[in-house]
Amino acid sequence: MSSGGGLLTSTLLNTTGLELSGEVAEKFKGKVLDTIIVGGGPAGLNAAIYAARFGLSSIIITEEVGGQVGKAGWVEDYLGYTRITGPDLVNKFEEHVKYYNVPILLDSVEKVVKEGELFRVITVSGDEFTSRTVIIAVGEKRRKLNVPGEDKYNGRGVSYCAPCDAPLFKDKVVAVVGGGDSAASAALLLTEYATKVYMIHRRDKLRAQPIYQELLLKNNKITIIWNTVVKELKGDKVLKSAVLQRVDTGQITELPIDGIFVEIGAEPPINFFKSMGLELDGNGYIVVNHMMETSVKGVYAAGDCVSLTPRGFRQIIVAAAQGALAAYSAYNYILTKYGQNREK
Ligand code: NAP
């Protein structure tokens, strides 16, 4: 359920990063954990660190460690790092979580069922865990272009992860779709490899922060194609071109490219939230109060999936801080309800 990433088989990582067997996963199953953290982006990982420091027994269940941060280009606004790539920052986060011995189960949560006072968390791989509280930090699902050729050339020219794939496009011509911070960050990173970077944006104004706009406009490798959408992706075995359409005139053109990076934002996994009975806002984000409490007692939420996070200002540091608050609320709830002498 975490944003982005495919389904992975159930694997437990231990503190040294070695994979543990399914038998060890069994060990967690009979227990009532204090909290289960669903999602392993900055909100979920920071919730895990705080939960551990509060003495809560917990596991993280996530499709991928790092969430959207792992797909980010240069991160220049996270406290303590003037400039670090998304994947490198995720490595730092993961190291920190491992220091506190919180197991990370690589899997996708299928459903969370409330049974009395407890929660049963069921994964797609069929594992089941029980907990006193749940922290939802699943982020969002990446939007796709939904045009002919997108799936066919996925991994053969179409990418959703600039830091992962940028080196494959050394001395090539690429395009980035979108006009937000993600598109800007991807385009800037790509200029370090590609000879030419087109940015295809559907409007005549960028949504990206002013500092990004300035950097984009003064980078002579970048050309912004305004008021334009992608209609189709074409090629043979690999991507060769994008069919573009002007939004204002309807004019169709074909742009020869070797790669295209889709950076057009994301949406919350509404059906999953609804299945838990969580109150959502009009756009499908989980309604929380300032302490990250949801409408369901014992369920907390943090990060890009909550209504509190400003839509135009989804920042790593905001998600991480909300994760800390969610863990604090879970701790207070458990302490009040079960006390220090609960079975761990
Ligand atoms: P976003 O802000 O929602 O921007 C998505 C962009 O894609 C917009 O320019 C939008 O166009 C365009 N778009 C959406 N659907 C489209 C479609 N179907 N076809 C073509 N274009 C489409 O998403 P984001 O850039 O991924 O950023 C998400 C959040 O993360 C934001 O809050 C952002 O500030 C944050 N973020 C921050 C940083 C940073 O601070 N370093 C880096 C990355 C992301 P319109 O402009 O016309 O709507």
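In the range 178-192, of all residues being outside any loop (DSSP other than H, G, I, E, B) and surrounded by 24 or more Cβ atoms within 10 Å (Cβ to Cβ), the one that is farthest from the ligand (Cβ to nearest atom) corresponds to Leu190.
Name the single residue, out of those in the range 142-160 being surrounded by 16 or more Cβ atoms within 10 Å (Cβ to Cβ), more than 12 Å from the ligand (Cβ to nearest atom) and closer than 25 Å to Pro269 by Cβ, that is farthest from the chain's Cα centre (by Cα). Checked the range 142-160; the qualifying residue farthest from the chain's Cα centre (by Cα) is Val158.
Results for (1) within 16 Å of the ligand (Cβ to nearest atom); (2) surrounded by 13 or more Cβ atoms within 10 Å (Cβ to Cβ); (3) β-branched (Val, Ile, Thr), shown as yes or no for each residue.
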position: Ile260; (1), (2), (3): yes, yes, yes
position: Ile270; (1), (2), (3): no, yes, yes
position: Leu278; (1), (2), (3): no, yes, no
position: Gly284; (1), (2), (3): yes, yes, no
position: Met292; (1), (2), (3): no, yes, no
position: Ala301; (1), (2), (3): no, yes, no
position: Val318; (1), (2), (3): yes, yes, yes
position: Ala324; (1), (2), (3): no, yes, no
position: Tyr333; (1), (2), (3): no, yes, no
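Annotation: of all residues in the range 126-142 being touching a Gly at 6+ places or on another chain (Cβ under 9 Å) and part of a loop (DSSP other than H, G, I, E, B), the one that is modelled with the lowest pLDDT is Asp127.
Can you find even one residue in the range 64-74 that is modelled with pLDDT under 95 and more than 14 Å from the chain's Cα centre (by Cα)? Scanning the range 64-74, I find at least one residue that is modelled with pLDDT under 95 and more than 14 Å from the chain's Cα centre (by Cα), so the answer is yes. Within the range 272-285, is even one residue free of Cβ contacts under 8 Å to residues at least 60 places away in the same chain, charged (D, E, K, R), assigned to a helix (DSSP H, G or I) and within 27 Å of Val69 (Cα to Cα)? Yes. The set of residues in the range 197-233 being more than 16 Å from the ligand (Cβ to nearest atom), charged (D, E, K, R) and surrounded by 13 or more Cβ atoms within 10 Å (Cβ to Cβ) consists of Lys221 alone. Please determine whether any residue of the range 69-91 is assigned to a strand (DSSP E or B) and polar (S, T, N, Q). For the range 69-91, residues assigned to a strand (DSSP E or B) and polar (S, T, N, Q): present.
Could you name every one of the strands (runs of 3 or more DSSP E) located completely within the range 203-263 that has at least 2 residues being in contact with a His (Cβ under 9 Å, 6 or more places away or on another chain) and at pLDDT below 95?
Details: elements: 222-225, 228-235, 239-246, 252-256, 259-262.
Result: empty, no element qualifies.
Looking across the range 303-316, the residues that are more than 9 Å from the ligand (Cβ to nearest atom), of a type in the set (A, V, I, L, M, F, W, C) and within 14 Å of the chain's Cα centre (by Cα) come down to Cys305, Val306. Just one of the listed residues (Asp248, Asp236) is of a type outside the set (Ser, Thr, Tyr) and more than 16 Å from the ligand (Cβ to nearest atom), namely Asp236.
Taken together, the criteria exclude Leu33 from residues that are part of a helix (DSSP H, G or I) and touching a residue at least 60 places away in the same chain (Cβ under 8 Å). Note on the range 132-141: residues that are away from the ligand (no atom under 14 Å from the Cβ) and touching a helix residue (DSSP H, G or I) at 6+ places or on another chain (Cβ under 8 Å) total 6.
The values are calculated or read from the model by the stated rules, or taken from the named source; none is laboratory data. Since this is a predicted model, take the numbers as computed values, not measurements. Every residue, glycine among them, receives a Cβ derived from its backbone with ideal geometry; neighbour counts consider all protein chains shown.
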